[in-house]
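Beneath this line is the structure, given in structure tokens, with notes to follow.
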Amino acid sequence: MRSVSVLGATGSIGESAFDLLMRAGGPEAFRTVALTGAANITRLAEMARALRAEIAVTALPEKLGALREALAGSGIEAAAGPEAVAEAGARPADWVLSAIVGAAGLPPGLEVLRRGGTLALANKESLVAAGRLVMDQAAQNGARILPVDSEHSAVFQALQGENLDSVAAVTITASGGAFRDWPLERLARASVAEASAHPNWAMGQRITIDSASMFNKALEVIEAHEFFGLSCDRIKVLVHPQSIIHAMVSHHDGGSIAHLGAPDMRHAIGYALHWPQRRALPVAPLDLASLGSLTFRAPDETRWPALRLAREVILAGGAAGAVLNAAKEQALDDFIAGRCGFMDMAPAVERVLAACAGQPGFATSPGDLATVLEWDGMARRLAAVRQAGAA
Ligand code: NDP
Ligand code: MG
């Protein structure tokens, strides 16, 4: 029986993974090692009981008592704190899904790679903040990373049996998010509630807002660069409002292979879960005749400056990814808390990147977790200070 762990089980991706595991037979089909969450103790305990996990871990130390209580009588171990989350990644399991949101997903993901495990990676922030470190860690330990972000899963699938050298470009699509058709002048006044409503995908709040600002696509461009080793001129973004084509691989011979599917993350999660096989999944089949048409447009970088920042970060290399990711997380915190407007996020990130670019060591890719966290901390402090100064 295969053993699995889900890091970030109580989130949107985690819920989809739980659904797949339960439909596949739950504890009869998979041995669940660790499930982790943060604030949602009730759901974490429910999931751990349903899957008969060995251990349930909350990232929040103050929630340990509540977790122990919720697991009472189940025989399931309880633990709490960021170190315990990292240890959950270190526990031997055949397949570990990293579905934690933000840079907090990096330490447990590195633990999975350190022990040569298979990491199904939804947590794109790990690759953005520490792409070199993550890929080196995987290569050195014979670990495997399977992409779960839908566009990267799509590219990965389209590349099966193909040679990367024959690839002229990879195109990842973007729905355009909540504000795709808003007049530009209205964007500055966009509210958190408005930015949190995605037209096609049901996702966590942070990635939904990142979709509206295109920071999500910016992270994905960097993720594609780090994971597939493509230069930024070979990674294209195309606005595709229907979210049916997730990505397309274009070859030098003029042929392109696109990956299509309903906007349902259970496809990409399930593909990674069963890889290298394909199993039936509870994903609605495509009905293109009913859809009638698929439309496309080039992204407007005045509306979405994050895309330009992604290219600049790839060209800068070194610690730029760690800085962009942390500054973006801070700017997003500020937007959600009402400390800045929607259109203030990209300029805030750009200012922090410019400030960090002058620091010694910026041009060197961080070679260990501590260095990534140093840049992360510096970027967050600069973003917060600048924000306070701007207020
Ligand atoms: P959610 O916000 O829905 O879930 C995040 C998960 O991480 C929850 O289990 C949450 O626990 C936990 N968590 C929050 N903070 C911490 C922390 N500091 N340390 C450890 N765990 C923490 O996010 P999503 O499921 O939407 O996204 C997860 C990841 O997958 C992100 O990296 C996102 O970019 C990526 N992704 C998501 C997609 C989607 O469709 N949602 C699509 C493609 C990629 P709790 O809820 O208990 O507080
Ligand atoms: Mg995606």
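The values are calculated or read from the model by the stated rules, or taken from the named source; none is laboratory data. Bear in mind that the values here come from a model prediction, so they are computed numbers and not experimental data. Ideal geometry is used to build each Cβ from the backbone, glycine not excepted, and the neighbour counts take in all protein chains shown. Surface areas here come from the heavy atoms of the whole protein model, side chains and all, with no ligands, DNA or RNA. Shrake-Rupley method; radii C 1.70, N 1.55, O 1.52, S 1.80 Å.
Some points to look at:
- Among strands (runs of 3 or more DSSP E) entirely within segment 1-120, having at least 2 residues that are over 19 Å from the mean Cα position of the chain (by Cα) singles out 2-7, 30-37, 55-58, 77-80.
- Matching entry among Ala218, Ala178 (being within 16 Å of ligand 2 (Cβ to nearest atom) and open to solvent by less than 20 Å² (accessible area, probe 1.4 Å)): Ala218
- The criterion of at least 2 residues that are surrounded by 15 or more Cβ atoms within 10 Å (Cβ to Cβ) is met by the following helices (runs of 4 or more DSSP H) wholly inside segment 247-339: 265-274, 306-316, 320-336.
- Filter result for Ala169 (more than 15 Å from ligand 2 (Cβ to nearest atom) and not polar (S, T, N, Q)): yes
- Residues located in segment 146-172, provided they are within 14 Å of ligand 1 (Cβ to nearest atom) and either open to solvent by 20 Å² or more (accessible area, probe 1.4 Å) or not small (Gly, Ala, Ser) (or both): Leu146, Pro147, Val148, Asp149, Glu151, His152, Val155, Phe156, Ile172
- The listed residue being in a helix (DSSP H, G or I) and either within 12 Å of ligand 1 (Cβ to nearest atom) or open to solvent by 60 Å² or more (accessible area, probe 1.4 Å) (or both), out of Ala193, Ala212: Ala193
- Note on segment 219-255: residues that are under 27 Å from Arg144 (Cβ atoms) and polar (S, T, N, Q) amount to 2.
- Within the set Ala56, Ala17, the sole residue that is within 16 Å of ligand 2 (Cβ to nearest atom), crowded, with 22+ Cβ neighbours inside 10 Å and modelled with pLDDT of 95 or more turns out to be Ala17.
- Boolean, Arg381 is closer than 25 Å to Ser211 by Cα, out of contact with any helix residue (DSSP H, G or I) (no Cβ under 9 Å at 6 or more places or on another chain), charged (D, E, K, R) and open to solvent by 60 Å² or more (accessible area, probe 1.4 Å): no
- Test: residue in segment 227-234 that is within 17 Å of the chain's Cα centre (by Cα) and at pLDDT 95 or above: yes
- For segment 215-239, a residue qualifies if it is among the hydrophobic types (A, V, I, L, M, F, W, C), under 16 Å from Ser175 (Cβ atoms) and in a helix (DSSP H, G or I), and the qualifying residues are Phe215, Ala218, Leu219, Val221.
- Residue match in segment 26-37 (condition: farther than 17 Å from Ala80 by Cβ, modelled with pLDDT of 95 or more and surrounded by 24 or more Cβ atoms within 10 Å (Cβ to Cβ)): yes
- Of the listed requirements (1) within 16 Å of ligand 2 (Cβ to nearest atom); (2) under 30 Å from Gly338 (Cα atoms); (3) not hydrophobic (A, V, I, L, M, F, W, C), Glu226 misses just one: (2).
- Verdict on Asn123 being polar (S, T, N, Q), within 12 Å of ligand 1 (Cβ to nearest atom) and under 15 Å from the mean Cα position of the chain (by Cα): yes
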